[in-house]
Amino acid sequence: MSFPDQRPRRLRRTPALRRLVAETRLHVDDLVAPLFVKEGIREPQPIESMPGVVQHTQESLRKEVRSLAALGIPGVILFGIPAAKDARGSEADAADGVVQVALRSLRDEVGDDLVLMADACLDEYTDHGHCGLLTADGEIDNDSTLERYASIAVAQADAGAAVIAPSGMMDGQVGAIRAALDASHHPDTAILAYSAKYASALYGPFRDAAECAPQFGDRRGYQMQPANAREALDETALDVAEGADMIMVKPALAYLDVISSLRQSFDVPVAAYHVSGEYSMVKAAAEKGWIDGEAVALEHLLAIRRAGADFVLTYFARDIAETLGS
Ligand code: PBG
């Protein structure tokens, strides 16, 4: 045999050949757009640390979701910023809370054309900015927080959410939410569990967007430590046993090994969250002219798919859908 070392290059010669042998594809069906809706504003508010992302009014949100559906994006996930915050995050499960109002309006606007997901957590709604209720000593109280999560999930399902995505990393949150949904006549509402959510410095810009930076301490007591990969299997097994329909790794790029191992270990759909810091780093470098932002975004999302994610939550969803569709 002569020159076997030249064989692989034969299949890289033309764009058509490369397309033919591509092992991984990125499709608009793989994208979920995270969206922020804020109570009490009259105009959409740009988020300085996330160029191109805004806090929506109810009206601008409706328009944006209609346009994302027209681009073929199959899902959005909503985050709410209430006008008033308190210790228990009362607006999170209020029938007229900002996300519930948005869900009702979006159901009306797009029906089942697009999957409406709601992030279920307390940090956007509490005055202390933590994802759970506090004890008198300032500790996060796991079990009383579960009652709040269950009530939030039911309020979101009542308002029309098809998928509830608990992101607070309390123990037992998936089981508590599943039981509450079943007991309140929402057996068809699915749960996308943030199963392996790491305590990451990459959430910085999101905390500007959702106005939810913790007022003291940090989230390392409940989110996972970046050193641990095996622990992600343990966390995820618990979520699946408690009834998670889909599981998630967050952030994405620094945790491709975790995505890959969850893909191999579980047969439910695996999502990855390409988070705010991952988005903003690309945007910032592109604005300086140091990288080609669109090419880097495509490469990132393809890598996340290659690692094993079935779909990706990303602030690039609109841009990528436009690029893929053109
Ligand atoms: C918590 C939540 C956070 C994000 C999604 N849900 C912030 C946090 O855990 O501090 C971050 C998402 C992102 O950075 O894009 N409700």
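Quick note: the coordinates plus some simple rules give every number you see, no bench work behind them. Not measured: the values here are computed from a predicted model. Ideal geometry is used to build each Cβ from the backbone, glycine not excepted, and the neighbour counts take in all protein chains shown.
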When the charge dipole of the chain is computed with +1 at the Cβ of Lys and Arg and -1 at the Cβ of Asp and Glu, the Cα pointing farthest to the positive end, of Phe206, Ser67, Pro166, is that of Ser67
Residue separation between Gln225 and Ala70 times 0.36 nm, minus their alpha-carbon distance, gives in nm 51.9 nm
Stretched fully, the stretch from Ala87 through Ser326 gains (0.36 nm per residue minus C-alpha distance, one decimal, in nm) 81.3 nm
Yeah, segment 24-325 with a ≥ b ≥ c from its alpha-carbon gyration tensor (a/c under 1.5 is rounded, else prolate when a/b outruns b/c, oblate otherwise) is rounded
Expected unfolding gain across Asn142-Asp234 under the 0.36 nm per residue rule, minus the alpha-carbon gap, is 31.3 nm
Pseudo-spin-label distance Ala285 to Glu59, built 7 Å along Cα→Cβ, given in nm, is 4.0
Between the residues Ala95, Leu17, Asn228, the Cα farthest towards the positive end of the dipole of the chain, that dipole coming from +1 and -1 charges on the beta-carbon of Lys, Arg, Asp and Glu, is from Leu17
Here the relative contact order (percent) of the chain, from C-alpha pairs under 8 Å and at least 6 apart, is 18
The longest stretch of the chain containing none of the chymotrypsin sites (Phe, Trp or Tyr not before Pro) that sit in a DSSP loop with at most 16 other Cβ atoms within 10 Å is 1-215
Reduced to Cα centres, the span from segment 218-285 to segment 75-99 in Å works out to 24
With no solvent term and unit scatterers on the alpha-carbon positions of segment 1-97, Debye gives log₁₀ I(q)/I(0) at q = 0.14, 0.21 Å⁻¹ of -0.70, -1.11
Sequence order, segment 312-326: Karplus ³J(HN,Hα) from phi using 6.51 cos²θ - 1.76 cosθ + 1.60, θ = phi - 60°, Hz rounded, Gly and Pro as x, gives 10, 7, 8, 5, 8, 3, 4, 4, 5, 4, 5, 5, 5, x, 8
Measuring from the longest principal axis of the C-alpha atoms of the chain, the long axis of helix 142-158 (C-alpha) lies at a number of degrees, nearest 10, equal to 80
Quick calc: nm separation of the 7 Å Cα→Cβ label points for Ile41 and Asp112 -> 3.3
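Test of understanding: given the chain, find the longest segment containing no trypsin sites (Lys or Arg not before Pro) that are in a DSSP loop and have at most 12 other Cβ atoms within 10 Å. If you can, show how the numbers build up before the last one.
Values: sites that count: Arg12, Arg13, Arg25, Arg42, Arg220, Lys288.
Segment 43-219 is the longest.
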For Val32, the residues 5 or more places away or on another chain with a placed amide H closer than 5 Å to its own amide H are Val312, Leu313, Thr314
Rounded to the nearest 500, the 222 nm mean residue ellipticity computed for the chain from DSSP H runs (n ≥ 4, each -39500 (n - 2.57)) alone is -12000 deg cm²/dmol
Residue-ordered couplings for segment 231-239, obtained by feeding phi - 60° into the Karplus form 6.51 cos²θ - 1.76 cosθ + 1.60 and rounding to whole Hz (Gly and Pro as x), are 4, 4, 5, 5, 4, 6, 4, 4, 4
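Net charge within 11 Å of Asp123 by Cβ-Cβ distance, Lys/Arg positive one each and Asp/Glu negative one each, not counting Asp123 itself?
-1
At most 12 other C-beta atoms within 10 Å and a DSSP loop state: those are the exposed GluC sites (Glu not before Pro) I care about. Give me the longest piece of the chain that has none.
Working: sites that count: Glu23, Glu48.
It works out to 49-326.
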In degrees rounded to 10, the 0-90 angle between helix 173-183 Cα long axis and the longest Cα principal axis of the chain is 70
So for segment 71-150, using the alpha carbon gyration tensor with a ≥ b ≥ c as root eigenvalues (a/c under 1.5 gives rounded; past that, a/b versus b/c decides prolate or oblate), I'd call it prolate
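State to the nearest 20 debye the size of the charge dipole of segment 37-135 about its Cα centre, where the only charges are +1 on K and R beta carbons and -1 on D and E beta carbons.
On the way: 9 positive and 17 negative charges, 32 e Å.
Its charge dipole is roughly 160 debye.
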Taking placed amide H atoms and a strict 5 Å upper bound, the residues 5 or more places from Ser195 or on another chain that come that close are Met248
Projecting the Cα atoms of Val154, Leu78, Gly308 onto the charge dipole of segment 24-325, where Lys and Arg contribute +1 and Asp and Glu -1 at Cβ, the residue farthest towards the positive end is Gly308
Quick calc, the chain, dipole around Cα centre from Cβ unit charges on Lys, Arg (+) and Asp, Glu (-), nearest 20 debye, gives 1760
Taking Lys and Arg as +1 and Asp and Glu as -1, residues besides Pro214 with C-beta under 10 Å from its C-beta add up to 0
